[in-house]
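**Q** Starting off with a structure, shown below.
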Amino acid sequence: MNLLEDIDAQEEANDVVAAQTSAEEKVRIESDKVAAVEVQKRAMESLSETKKRKEDEQGKKKRKVRKGADSALEYLREKVEKDRMLKEESCKLEREKLEMQKQQMEAKKHSREQFMHSQSQMVENMLEMQRQQMQASQLLLAQQQQQQGQA
């Protein structure tokens with residue numbers, strides 16, 4: 001009888017061990033299923049969902065900051081100021097360009113005037129030389145006529 005009781009006790013122990021193993025196996029299989037579903041969800045989620053999930057996992061919650069009318073007005077003020085500065089700079093450059101063109105034109109005018117003056121001076125000198133040559137020729141002619149008249 002002792003042998004029967006030992007066998008019976010061993011069968012009960014085997015049943016308990018099998019039940020424990022089976023329960024552990026069921027828990028493991030269930031956790032594997034949950035992990036597989038989680039991996040599947042992660043694979044299917046979009047980038048924004050991934051970021052949101054990671055923030056939730058880290059415990060950080062980004063607060064969305066909405067920009068109000070003040071920031072829009074500030075942006076417009078800055079834009080107007082930049083545009084004004086650019087326009088002023090453009091006008092300044094245009095004035096400088098016009099001033100340079102004016103100086104160039106004045107330099108050309110001065111150069112032309114000097115050239116015209118030197119040309120007129122040359123013409124006057126040539127006319128003076130021609131006049132002197134003419135006088136010399138007339139004087140020579142008068143001397144020749146006088147010599148012919150005396151001879």
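Nothing in this text is a laboratory measurement; each read-out follows from the coordinates by a stated rule. These numbers come from a predicted model, not from an experiment. Because the Cβ atoms are built from the backbone with ideal geometry, glycine has one as well, and the counts that use them run over all protein chains shown.
**Q** On a straight-distance basis, which aspartates and glutamates could pair with K97 in a cross-link, Cα separation under 17 angstrom, same-chain partners fewer than 8 positions away excluded?
**A** In chain and number order, the partners are E88, E89, E106.
**Q** Sum up the charges of everything whose Cβ sits under 11 Å from the Cβ of E38, counting Lys and Arg as +1 and Asp and Glu as -1, but leave E38 out.
**A** +2
**Q** Please report, in debye to the nearest 20, how large the charge dipole of the stretch 20-151 is about its Cα centre when each Lys and Arg carries +1 at its beta carbon and each Asp and Glu carries -1 there.
**A** The calculated dipole for the stretch 20-151 is roughly 820 debye.
**Q** Can I ask one more? Which of [x] 57.8, 198; [y] 17.7, 58; [z] 17.5, 64 is the computed Rg and Dmax of the Cα atoms in Å for the structure on display?
**A** [x]
**Q** Within a Cβ distance under 12 Å of R84, other residues only, what is the Lys/Arg minus Asp/Glu net charge?
**A** The answer is -1.
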